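FYI, it's all coordinate maths here, none of it is from the lab. The model shown is predicted, which means the values in this text are computed figures rather than measured ones. Here the Cβ is made from the backbone with ideal geometry for all residues, glycine too, and neighbour counts use every protein chain on show.
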Amino acid sequence: MTMIFCGFGKLGKICLETLLYNKYSISFVLTHRELDKDSVDTYCELNNISYSYIDLRKEKSDLLSQILNQSPNYLVSVNYRYILPLEIINSVGVALNLHGSLLPKYRGRTPHVWSIINGEDYSGVTSHLIDEGVDTGKIIRQVKIKIDQESTGYDLLQEYAKEYPKLLLDSLKDIQNGTLLKEQDEKQATYFGKRTPEMGYVDFFKNSIEIINFIRAQAKPYPGAYYYLKDGRKIVIHKLVREANVVNMVEDIGIIEKIDDIYYVRCKSDVLKIVDYEIF
C-alpha cells in the first residue's frame, strides 16, 4: 500500500522511520526545511526518498497532479504545518493526523506548551482523520499522558516521542480492521494558536503557580520566558521557585532584586527565586 507522508521535526522523523521499518511504501514526502540530524528532510536525503517543501495550496507546481496520479492508499501527517488541499485528502483512501493533545481540546499549534501554561494535569496524543477543518476529524485513538509538576514543554515532547510510533501503527491497523471511529464533541473544543518567542514576556502580576507553569512550558532548549533587569538587560528565565526567606527584602511586584548574588522577584502571591537563567 502506497502512502504520502507529511511531517516535520523529530516526531515526524521517527514516525517516517517506523512506517518504513514496518514495510509501508512511502511514495512521496512533504516537509519543511530543517536539515537537522533528526529531521525529516535529512532522513529523506540519506534514504533517497523524494520530498518537497512546497505549500501545495499556495505555490504553483505540477507536484499536486503528480501526487494525485499515484493514487496513494494513505496520507499520514505528523507535525506538518501546512493545511493540505482537499484534493489530496479526498483522493486517498484514508488521511490521518497525529496531534499532541486530547482532542477536541487544544486544537491548533504547540498544544503541549499551551497545556502546561494552562496548568493541565494531563495531556496526550490523538490520532484522527483529516477533514476540511483544523484537528476536527473523527478520532481513531487517544493516549493520555500525565504532566508532572516539574515537566517542561520539551520534557512533554519527549513523552510524545515514546507514544507516537505505536499510536500510528495501531491507528493504521484500526482503519484496516474497520474499527468504529468517534466524532469529536464540538462543545468541548478549544483552540490555541502558534507561539512566538515574543509571547514569552513574564507577567509578574499573576499568581506564582501561573508564572511557574508559564516559565517551565517554555524552558530550554525552547527560547524561554523573558523579563528585564533594572539595568535594562534581558533575562531569560528557565526555572524559578517560591522563596519565603527574603519576603521582607523584595517589596515591589515585577522588580528583580539581587541579594547575595541570587535574583529574586515578587509576584502577586509570593516571592520567587530565579534558579536557572541567562542574561543578555
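What you get for the chain, charging only the Cβ of Lys and Arg (+1) and of Asp and Glu (-1), is a dipole of about 280 debye around the Cα centre. Calculated from the structure at hand, mean projected area of the Cα convex hull in nm² is found among [x] 15.7; [y] 16.8; [z] 14.8 as [y].
DSSP loop trypsin sites (Lys or Arg not before Pro) in the range 119-214 with at most 16 other Cβ atoms within 10 Å of their Cβ, which ones? Within the range 119-214, the qualifying trypsin sites (Lys or Arg not before Pro) (loop, at most 16 other Cβ atoms within 10 Å) are K138, K194, K206. Karplus-derived 3J(HN,Hα) values for the range 220-232, using 6.51 cos²θ - 1.76 cosθ + 1.60 with θ = phi - 60°, are 3, x, 6, x, x, 6, 9, 7, 9, 7, 4, 7, x Hz; glycine and proline are entered as x. Annotation: the residues H99, H32, sorted from fewest to most other C-beta atoms within 10 Å of their own C-beta, follow the order H32, H99.
Checking the cross-link pairs K144/K166; K105/K144; K37/K146 against a 21 Å limit on the alpha carbon distance flags K37/K146 as lying beyond it.
Neighbour counts of other C-beta atoms within 10 Å: give me V125, V29 arranged from fewest to most. Don't jump to the answer; show the numbers that get you there.
Details: V125 26, V29 21.
With the fewest neighbours first, V125, V29 line up as V29, V125.
Our summary gives the chain a relative contact order of 13 percent, counting only alpha carbon pairs under 8 angstrom and 6 or more residues apart. DSSP finds beta bridges in the chain, and of those with both partners inside it, around 60 percent are antiparallel.
Against the chain, whose longest principal axis is taken from its Cα atoms, helix 153-177 shows a tilt of about 20°.
Principal-axis analysis of the Cα atoms of the chain puts helix 9-21 at an angle of about 30° to the longest axis. Think of each Lys and Arg Cβ as +1 and each Asp and Glu Cβ as -1; about the Cα centre, that makes the dipole of the range 123-269 roughly 180 debye. Per the Debye calculation on the range 197-279 with a single equal scatterer at every Cα and no solvent contribution, log₁₀ I(q)/I(0) for q = 0.13, 0.17 Å⁻¹ amounts to -0.33, -0.59. Dividing the summed helix terms, -39500 (n - 2.57) for each DSSP H run of n ≥ 4, by the number of residues in the chain produces a 222 nm estimate of -8000 deg cm²/dmol to the nearest 500.
Place +1 on the Cβ of every Lys and Arg and -1 on the Cβ of every Asp and Glu in the chain, take the dipole about the Cα centre, and give the residue among G108, G9, P72 whose Cα lies farthest towards its positive end. The residue sitting farthest along the positive end of the dipole is P72.
Applying both filters, DSSP loop and at most 14 other Cβ atoms within 10 Å, to the GluC sites (Glu not before Pro) of the range 39-117 gives E59.
For the range 1-138, the percent of C-alpha pairs falling in each 10 Å distance bin, counted from 0 to the bin holding the largest distance, reads 12, 42, 36, 10, 1.
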